[in-house]
Structures are given as structure tokens and as C-alpha cells.
Amino acid sequence: MHSIKRFIPATFVVLWATGFIGARYAMPWAEPFTFLAARFVLAAVLFAILTVILGSKRATREEALHAAGAGILMHGVYLGAVFWAIHRGMPAGLSALIVGLQPLITAVLAGKFLGEAILPRHWAGLAVGLIGVVIVLWPKLGALGGGVTSATLTASLISVLGMAAGTIWQKRFASGGNLVAATMWQYVGGAALMILAALAFETHTVVINGELIFAMAWLVLVLSVGAIFLLMVMIRDGEMSKVASLFYLVPAVTAVIAWALFNEQLNALQIAGMAITTFGVALATARQTKTQAEPSKA
């Protein structure tokens, strides 16, 4: 089991990085809140079916409420704000750069609300990782265009705070119960927020075609089920500052996938940024070595 768990972080990063594929195909055909509401409802239904098939223990009322609260923040606020900003013209590169602040914010919150000790080496790793992310995304920041407004910038910052707060909430209040049941309730919370947002702000116009169906299937099965479940395992078993630092690797992996699938440019500077980011994440996730000998037993 421990040997399998070693592959969870790398698998999560790769799966999470593929999220741009679904967003790229979906956004021309559906409004963001409407699309996300449908995605979260489908994910909640899938996890409800899994709870029955696996015979998972049902969440208590308190566990369900805490999981739904985490889902409102992690799924509803985070993805809702990101999709809305991009839908309103925010360049994906700049959005990714702002979202790249999340590990630093999470580390600060983890120290304050979870009592995690963040060593200087880990702070250095987080800083180096952020520098690497900037380098990887730099080529995409050239033409910002008119989509960068106070509204889209605010939405991007809200998304970062939502994800950071949601993961802290999940770690502190919702990590003790069954993961399958907890994840189902997360999507119930996220779906509720997106349904309300869609009813309040959107026309609910959806064009059903192959691209939209592919995007929905990919985001539900690969992201909402696969990647999020792995994230829940890491939040339950690891320190939040270290888990959050893995998000630094996502832009680098996304750039490689975009190069392979869509022939997007990948230059030497970006490759150097990937190396710097990887080094920073290695620093941030390194285990503390035993520098002091254990007291001798008399």
C-alpha cells in the first residue's frame, strides 16, 4: 500500500493538469456556472453510486455539513471564479499565475489554523517554486488584452483564496470520515453554489455537441472523480503546505501536454522554469531529517 501511495502525488499532478483540456473544449458551448453545476451534479451522483457499490459508511450530519462547506470553497468558489474570469476574457496564463499563489497562501493558513511548522527550507522551496511558475508562464503573459479588468482580477484572487481555505477546512474538519461519502457531499455543496449562481447570473444557454460531451466526460471522470479523490487522500494523510506545493507543478505539466497535443510553443526558458519549479517543490516537500540524536536510554 505504501508503495502505491508514493505514486499518488505525481498521478494527481498529471490528472489535474489535464483540466485545461476540458475547459478549452467546453467554454465556447456553455456558460461557466451552468457547465460547472452540471459537472458537479454528475460527480455527486457518481460518488453516491460508489458509496452504495462499495458499502461505504454514511457521513454523519456534521461530517456532511463540513464536507459540503469544503466543497463550496474548493469546487464552487475556486472553479466558479476561475471559469468566470476566463469566460470574461482573462488570459489563461495570467489566471494560472495568480492561482500559483495558492501554495504560499495555504502554507500561511496551515501554520495559523492547523499549527503546522513550516521550516525555512520549506518557505524557500515555495518561493523558488513560484519563481519557476512565473518563468513557465512568462511567454503567455505578453498580450494581456482587454480581459484583464478589476472584476476578472478580483475573481482570480477569490478563486485562490477559495481553494486555499477549502483545503484547510477539509483538513481540519472533514478528514476523519469516509472519503467517498465526504467527496460526494463536497460536490453537493459545490453544485448548490453553482446552481444558485447560474440561476442568478446566466441564461442557461447550452449547445450540445461532441466537444461539450467530451469535455464534460473528461472533467467529471478524470478530474472530479480521479484527481479530486487523490487530493482528498493527500489532504488526509499529509501536511497541507506540502500538498499545496504540488500545484506549482501543474503549469509545467500543462505546458508539456499543450505542446504534445496542440503544438503550443515550449521553449528553453520554459524548460528551465520547469526545472526550477521541480527543485522548489522538492525543497517544499522534503522530509525533516533527524539532526539531533535521540536521548539515550539509561
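Considered as an equivalent ellipsoid built on the Cα gyration tensor, the range 226-276 has semi-axes of 27, 14, 5 Å, the largest given first. Note on the range 147-298: Kirkwood hydrodynamic radius from all Cα pairs is 19.2 Å, rounded to one decimal. Entry note: the range 1-49 has Rg to Rh equal to 1.13, where both radii use alpha-carbon atoms and Rh is the Kirkwood radius. Just how many pairs of Lys in the chain have C-alpha atoms closer than 17 Å, counting pairs that are eight or more places apart or on different chains? Close lysine pairs found across the chain: 4. Seen through its C-alpha gyration tensor, with square-root eigenvalues sorted a ≥ b ≥ c, the range 182-239 comes out oblate because a/c lies at 1.5 or above while a/b is not bigger than b/c.
In the range 8-111, which trypsin sites (Lys or Arg not before Pro) are in a loop and have at most 12 other Cβ atoms within 10 Å, using DSSP for the loop call?
Sparse-neighbourhood loop trypsin sites (Lys or Arg not before Pro): 57, 58.
Among complete DSSP H helices in the chain, those whose alpha-carbon atoms stretch at least 30 Å along the helix's long axis and whose mean Kyte-Doolittle hydropathy reaches -1.0 are 32-54, 150-173, 179-201. Choose one of 244, 154, 269: the residue whose Cα lies farthest towards the positive end of the charge dipole of the chain (beta-carbon charges +1 Lys, Arg; -1 Asp, Glu; about the Cα centre). Highest projection toward the positive end goes to 244. Less than 17 Å from a label point 7 Å out along the Cα-to-Cβ axis of residue 214: which backbone N atoms in the range 8-27 qualify, by residue? Output list for this probe position: 18-27. For the range 1-128, the gyration tensor built on C-alpha atoms gives an oblate shape. Its axis ratio a/c (a ≥ b ≥ c) is at least 1.5, and a/b is not larger than b/c.
Only alpha carbons enter this Debye calculation for the chain, each as an equal point scatterer, and the log10 of I(q)/I(0) it gives at q = 0.08, 0.15, 0.16 Å⁻¹ is -0.34, -1.23, -1.40.
Values quoted throughout were computed directly from the atomic coordinates according to the rules given, and no laboratory measurement underlies them. For clarity, every value in this text was computed on a predicted model and none was experimentally measured. In this analysis, Cβ positions are derived from the backbone assuming ideal geometry, glycine residues included, and neighbour counts consider all displayed protein chains.
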